[in-house]
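Here is the structure we will look at.
The values are calculated or read from the model by the stated rules, or taken from the named source; none is laboratory data. These numbers were taken from a predicted model, which means no experiment stands behind them. Note that each Cβ is placed from the backbone with ideal geometry, even for glycine, and that neighbours are counted across all protein chains shown.
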Amino acid sequence: MELSHLEKMKKHNVEYELVLKAMRLCTWHIDVAARTITYDNDFRERNDCFMPEPGTSLDVLVESMADADKKRIQKSLEEICEGDKDQYHEISQIKSSQGGNYYWTESYATVTTRDTEGKPLVIVGTSMCIDERKEMESALVVARNKAEESDRLKSAFIANMSHEIRTPLNAIIGFTSVLPDLEGDEERKELIGLIQENNQKLLRIIDDVMNISKIESGNDSLTMSTFELNDFIRAVMDSHMPNLREEVTLSTMFNRSALNVTTDMDRLREILNHLLSNAVKFTMKGSIIIGYDAPHEGRVRLWVQDTGKGISPEHLERVFERFFKVDEYVPGAGLGLSICRTMAYSIGGDVGVESTLGEGSKFWVDLPIK
């Protein structure tokens, strides 16, 4: 009978140990009267887990916790030790035995032995490392936030595009309906000019949306070519000359008499067109200069500097967000600078701005040229 009982105990211990290994748990018990903790078994796979000497004070355990958890853990331990609660369950960060780093741990405990008055004498518990689970939770939170942000941006996109497309479209429809009733050539010519202007606005909005869509979907591949930068910039600049106000001059400032670069010509042209278009739009008098700095380590910085209204410091980064407009009364969908950044990234570059409110702005694009 005794041998049979012994075999059962051995089998029970083997099964118990197997469960602990499978769950990657450590077990411990608390001597309530002494307020000490002793770790009995440890099957956690980390080799830097907190592992105090037998009979270590609970205060030492609490001190090893992250600052944000200390007060909560101390309160929970005191409640189960005093018999206010029968169960203990806490998730916290605890300092590793190698110092410095913290890892996530989840612990369960219960009272196993009580005195004649029902007060706890011994508490047993288990702990496991849950870093992987926490990483998965964080990844899920990030994914959820991205999905929510995507829905928000989609709604904002639809709302903004609806407004931006409707504005020139209403003008086109309205002016077109009036056109047949006009008899004077001057009035007809003026109205046709307004229709054409709004046609161009509508086309620019659609082009901007198509450009972003193609780049982000990966359907618009790069077409690299080598060309002379000075002539290229002059050609881009000439296309904006007709839109200048009389009080504004447009000129160039080149660091080299000639400079060959290798990049996607169409995307660079699109970037410079947007930067120049903005400069022309917001500069009422003074000058606009387009140029570039001396090439350095295979890169060159092109820039467009104006004496326009400038941008306040809190808006310097936001101007590159989609649909953000510093001045809501100025026509435009607020997509141009966002497209500049997207296109610059696609060819290995970056964009930025330096500006002083009331004095002007300097937008730049930094690009690899080989």
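Figures for the structure shown
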| item | result |
| --- | --- |
| Residues (among the aliphatic types (A, V, I, L, M) and either outside any helix (DSSP H, G or I) or modelled with pLDDT under 75 (or both)) located in the stretch 311-354 | 311, 316, 326, 330, 333, 335, 347, 351, 353 |
| Every pair of residues 6+ apart whose Cβ atoms lie under 9 Å, when the first sits in the stretch 220-236 and is in contact (Cβ under 8 Å) with a residue 40 or more places away in the chain and farther than 18 Å from residue 256 by Cα while the second is part of a strand (DSSP E or B) and of a type in the set (Asp, Glu) | 222/264; 223/264; 224/264; 225/264 |
| Selected residue (only one of 80, 73, 91 is over 28 Å from residue 135 (Cα atoms) and outside any loop (DSSP other than H, G, I, E, B)) | 80 |
| Test: residue in the stretch 116-137 that is at pLDDT below 85, farther than 26 Å from residue 40 by Cβ and of a type outside the set (Phe, Trp, Tyr) | no |
| Unique residue being under 13 Å from residue 289 (Cβ atoms), surrounded by fewer than 16 Cβ atoms within 10 Å (Cβ to Cβ) and of a type in the set (Gly, Ala, Ser) when the list is 239, 251, 257 | 251 |
| Test result for residue 80, within 22 Å of residue 24 (Cα to Cα), among the hydrophobic types (A, V, I, L, M, F, W, C) and surrounded by 10 or more Cβ atoms within 10 Å (Cβ to Cβ) | no |
| Leading residue by the ranking (modelled with the lowest pLDDT) among those in the stretch 355-370 that are in contact with a strand residue (DSSP E or B) (Cβ under 6 Å, 6 or more places away or on another chain) and of a type in the set (Ser, Thr, Tyr) | 355 |
| Qualifying residues in the stretch 283-296 (those that are touching a strand residue (DSSP E or B) at 6+ places or on another chain (Cβ under 7 Å) and touching a residue at least 60 places away in the same chain (Cβ under 8 Å)) - the one nearest to residue 229 (Cα to Cα) | 292 |
| Per-region count, the stretch 10-61, residues at pLDDT 90 or above, part of a loop (DSSP other than H, G, I, E, B) and aliphatic (A, V, I, L, M) | 3 |
| Selection from the stretch 301-319 of residues that are over 18 Å from residue 360 (Cβ atoms) and of a type in the set (A, V, I, L, M, F, W, C) | none |
| Residue tally, condition among the aliphatic types (A, V, I, L, M) and part of a strand (DSSP E or B), over the stretch 268-310 | 6 |
| For residue 257: the one exception among (1) at pLDDT 80 or above; (2) assigned to a helix (DSSP H, G or I) | (2) |
| Residue check for residue 45: out of contact with any Ser or Thr (no Cβ under 9 Å at 6 or more places or on another chain) and within 16 Å of residue 26 (Cβ to Cβ) | yes |
| Residues that are within 26 Å of residue 114 (Cα to Cα) and either free of Cβ contacts under 8 Å to residues at least 24 places away in the same chain or surrounded by fewer than 19 Cβ atoms within 10 Å (Cβ to Cβ) (or both), drawn from the stretch 32-50 | 33, 34, 35, 36, 38, 39, 40, 41, 42 |
